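Working notes, structure below.
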Amino acid sequence: MSGLGCEQTMEQNIFFSASDGVELEGALFPGNDRAAILAHPHPLYGGNMDNLVICEIAAACRARGLTTLRFNFRGAGKSQGAYDQGTGEQKDLLAAVDHLRARGARAIDLIGYSFGAWVLAHADIGEMSPGKMLMVAPPAAMMDFAGLRTCSRLQLVVTGSEDEIAPPAQVKKLLLRLNPAAQLRVISGADHFFSSGMAELKTAVSDFMED
């Protein structure tokens, strides 16, 4: 679930703290007052904020003028701590939201890829900030999504037709539980790593951010 590939941009290397004191590493691009947080794949499988899919999605958001924040969950990259079975990682996501709110973001969109989508589904964002949610390849065949509340923030889910970790049929069932009104977009020929279909994924994100 890795795949390094972030090019040099005008992003700033930053650090911010979760509620339990864990210091987290991030890459911030200061755009307009609408922001997007990018949550990366599973750290135990090499996932981090420099994952190629995360980088490409961030680029699509920057092209729309948004402020973007890629960040490393605890234990990944230069972030402190260790993998916490998704519990601590939810605190990490909330800390990222708090950081952007403190910077004056009027709306914060949440985008999670693979494990990052699982964290988004479980984190109690509540009314912390207005914004939309996009899940890319939520790992419905690999991780437990049972017992989740409905999520009106979720508006789009993207997966590949050849994704064995996020199979379209299972993702569709998950979507019906999370938000039946959300759109499911299946990219033909794409696997979990979008080794093909990356351009279509970026287009889906760009269209999503246009609204």
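Every read-out reported here was derived from the displayed coordinates using simple, explicitly stated rules and does not represent laboratory data. For clarity, every value in this text was computed on a predicted model and none was experimentally measured. Cβ placement follows ideal geometry from the backbone for every residue including glycine, while neighbour counts extend to all protein chains displayed.
A few comments on the model shown:
- Filtered by the rule that a residue be under 13 Å from Leu134 (Cα atoms) and either in contact with a Gly (Cβ under 6 Å, 6 or more places away or on another chain) or of a type in the set (Asp, Glu) (or both), region 171-197 gives no residues.
- Number of residues in region 148-185 that are touching a Pro at 6+ places or on another chain (Cβ under 7 Å) and either part of a helix (DSSP H, G or I) or surrounded by fewer than 19 Cβ atoms within 10 Å (Cβ to Cβ) (or both): the value is 3.
- Within region 26-81, the residues that satisfy the criterion of being closer than 21 Å to Ser129 by Cβ and either assigned to a helix (DSSP H, G or I) or of a type in the set (Lys, Arg) (or both) are Arg34, Ile54, Ile57, Ala58, Ala60, Cys61, Arg62, Arg64, Arg70.
- One residue stands out in region 45-89 among those that are out of contact with any His (no Cβ under 6 Å at 6 or more places or on another chain) and under 16 Å from His192 (Cα atoms): the one that is surrounded by the fewest Cβ atoms within 10 Å (Cβ to Cβ), namely Tyr45.
- Annotation: Leu24 fulfils all but one of (1) under 15 Å from the mean Cα position of the chain (by Cα); (2) farther than 24 Å from Ala199 by Cα; (3) surrounded by 24 or more Cβ atoms within 10 Å (Cβ to Cβ); the unmet one is (1).
- Complete set of residues in region 109-130 that are under 13 Å from the mean Cα position of the chain (by Cα), under 18 Å from Ala182 (Cα atoms) and either part of a strand (DSSP E or B) or free of Cβ contacts under 8 Å to residues at least 40 places away in the same chain (or both): Asp109, Leu110, Ile111, Gly112, Tyr113, Trp118, His122
- Those residues of region 186-202 which are surrounded by fewer than 19 Cβ atoms within 10 Å (Cβ to Cβ) and under 16 Å from the mean Cα position of the chain (by Cα), in sequence order: Met198, Lys202
- Any hit, region 24-32, residues being touching a Gly at 6+ places or on another chain (Cβ under 9 Å) and either under 26 Å from Ala204 (Cβ atoms) or among the small types (Gly, Ala, Ser) (or both): yes
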